[in-house]
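One structure is given here, and the rest of the page talks about it.
The values are calculated or read from the model by the stated rules, or taken from the named source; none is laboratory data. Keep in mind that this is a model prediction, so the values were computed, not measured. Here the Cβ positions follow ideal geometry from the backbone for every residue, glycine too, while neighbour counts run over all protein chains shown. Side chains included, ligands, DNA and RNA excluded: accessible areas come from the protein's heavy atoms. Shrake-Rupley method; radii C 1.70, N 1.55, O 1.52, S 1.80 Å.
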Amino acid sequence: MQLHFSPSMRSITISSSNGFIDLMKIKVAARHISYRTVFHTILILAFLLPFVFILTAVVTLEDCLGRRLGPRLLGRVDDSGRLVRDFYKILNQVNTEEIPAGLKLPDSFNQLVSEMKNNQYDARTFAFMLRAMMENFEREIRESKFSELMNKHFAASSVPKGIHCLSLRLTDEYSSNAHARKQLPPPELLPLLSDNSYHHFILSTDNILAASVVVASAVQSSLKPEKIVFHIITDKKTYAGMHSWFALNPVSPAIVEVKGVHQFDWLTRENVPVLEAVENQNGIRNYYHGNHIAGANLSATTPRTFASKLQARSPKYISLLNHLRIYIPELFPNLDKVVFLDDDVVIQRDLSPLWEIDLGGKVNGAVETCRGEDEWVMSKRFRNYFNFSHPLVAKNLDPEECAWAYGMNIFDLSTWRKTNIRETYHSWLKENLKSNLTMWKLGTLPPALIAFRGHVHPIDPSWHMLGLGYQNKTNLESVARAAVIHYNGQSKPWLQIGFEHLRPFWTKYVNYSNDFVRNCHILDS
């Protein structure tokens, strides 16, 4: 099909595509339409038709999509933005005003929506109710959190029924069973207790189950268990039960010695007067055993700060067993080098290379806790342990000095005996007692941080991984790789509040086939 205009623009012929058949011929009056007019008309239509098409398409899309595109494309204003700004203005006003007295609050969001529908609240009333509900929920959550922390503190400070049962039954066994009273170690092995060619571990605890895990894990992880000697120190009431356990459950070829604090001639009142004061002073005992809520301004305290204060008031911090590590050179005068272990650790790798570490003339080989991947656990400096508003602390200590960890320490006792570490420890303990515990709150580590200043040799962090008793998000792969894992914190693995995903690293060394463990229902769910 073809369209032909005559040269004069007076006729238009429509013909077939081959040009032989004229289908239609239209004559145009010359006076009404000129070439120029037709040209301009076609030109104008060429510009207008696309806009007409676009406008038609937009209207069609608006009808199909709920008019969501129209405002943006055609410049029309969306009222939702203005409504948000108006409501934000109302919220700001309500935030600075008192909540009306007697305002009845709904118990849930669904009830709020229902009341709005039935009572036709205005925006201002809705904002007041929303604010009051939020403040009420925040208060309840805060109170619940503090209550949870208190319950957790009591759980961490108590002795589980199963562990108490274990101690009682083993103590009874000591009095009725000669095998439970046999000498540890046998007489022929006594010389090895002071043989420095062996690897000597020292453990101070009154928890029989925990001690059994520490010893079992160390022996099972060792490449040379026949070179291991364990010196276990406990208190007088636990001595019989502790002795019974290791007499009835030998860890041969390793050697185990169990001694009570009452069996050390050196531990007299004359040698440890400060600790006697710490353990017996009424004010100190009330601080650690009294009402931990009394005098605490919970409205001005964060849950994290409150949890830290509760942990600092654990009764174990005034126990002589907890302070014994500062007297190791005197308690074991014939030993040159030892590894000290807390009772809440598990050994997962052979520790014999620790005796090969050159401490460079230092006394204490320890992991520093001011740097590491886990910022929650490995971010401890002196400012975390000391009150730098105290003039004596501010004058003598640097808040940015790096802290280090107790729980797995290599002690060079020969070098230690040439220092005044114990005297410095006693001196600062006295000052803290005189200042009514205002210099630090947290047990034995702060005075040790001061006493060992200049005597610490940092060791690789892979030797000692901390935080399994308070860091719920501990990386399991890192736990599996560590030589020693430490459940420091409240959530001990032998407690119901222990973290379930971290407990198996500890329970794998519990002897559940033992009659005493089984009959006392240790960790039964």
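One table, with the values for the structure above:
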read-out	value
Every pair of residues 6+ apart whose Cβ atoms lie under 6 Å, when the first sits in the stretch 497-525 and is closer than 12 Å to LEU209 by Cβ and in contact (Cβ under 8 Å) with a residue 60 or more places away in the chain while the second is of a type in the set (S, T, N, Q) and surrounded by 18 or more Cβ atoms within 10 Å (Cβ to Cβ)	TYR509/SER217
Total residues in the stretch 361-382, condition over 25 Å from ILE328 (Cβ atoms) and of a type in the set (S, T, N, Q)	1
Every pair of residues 6+ apart whose Cβ atoms lie under 6 Å, when the first sits in the stretch 376-394 and is more than 16 Å from LYS434 (Cα to Cα) while the second is part of a helix (DSSP H, G or I)	TYR385/PRO446; PHE388/ALA394
Inter-residue pairs, beta-carbon under 6 Å, first under 13 Å from ALA254 (Cα atoms) and open to solvent by 50 Å² or more (accessible area, probe 1.4 Å) and in the stretch 183-201, second modelled with pLDDT of 95 or more and outside any helix (DSSP H, G or I), 6+ apart	LEU189/ILE255
Conditions (1) open to solvent by less than 10 Å² (accessible area, probe 1.4 Å); (2) more than 26 Å from the chain's Cα centre (by Cα); number of the one not met by ASP358	(1)
Leading residue by the ranking (modelled with the lowest pLDDT) among those in the stretch 100-111 that are over 37 Å from the mean Cα position of the chain (by Cα) and either of a type in the set (A, V, I, L, M, F, W, C) or loosely packed, with under 10 Cβ neighbours inside 10 Å (or both)	GLY102
Evaluation of SER252 against (1) touching a helix residue (DSSP H, G or I) at 6+ places or on another chain (Cβ under 9 Å); (2) within 25 Å of SER319 (Cβ to Cβ) (one fails), failing number	(2)
Contacts under 9 angstrom Cβ, first residue in the stretch 395-418 being in contact (Cβ under 8 Å) with a residue 60 or more places away in the chain and in a loop (DSSP other than H, G, I, E, B), partner aliphatic (A, V, I, L, M) and open to solvent by 10 Å² or more (accessible area, probe 1.4 Å), 6 or more apart	ALA405/LEU445; ALA405/LEU466; TYR406/LEU445; GLY407/LEU466
Of the criteria (1) part of a helix (DSSP H, G or I); (2) surrounded by 12 or more Cβ atoms within 10 Å (Cβ to Cβ); (3) at pLDDT 95 or above, which one PHE146 fails	(3)
Which listed residue, of GLN348, GLN311, is open to solvent by 10 Å² or more (accessible area, probe 1.4 Å) and at pLDDT 95 or above	GLN348
Hits in the stretch 477-518 (condition: farther than 22 Å from VAL339 by Cα and open to solvent by 80 Å² or more (accessible area, probe 1.4 Å))	GLU477, GLN496, GLU500, LYS508, TYR512, SER513, ASP515, ARG518
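Yes or no, residue by residue, for (1) closer than 30 Å to LYS418 by Cα; (2) modelled with pLDDT of 95 or more; (3) out of contact with any Ser or Thr (no Cβ under 7 Å at 6 or more places or on another chain):
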{"residue": "HIS455", "(1), (2), (3)": "yes, yes, no"}
{"residue": "PRO458", "(1), (2), (3)": "yes, yes, yes"}
{"residue": "ASN472", "(1), (2), (3)": "no, no, yes"}
{"residue": "ILE497", "(1), (2), (3)": "no, no, no"}
{"residue": "THR507", "(1), (2), (3)": "no, yes, yes"}
{"residue": "TYR512", "(1), (2), (3)": "no, no, yes"}
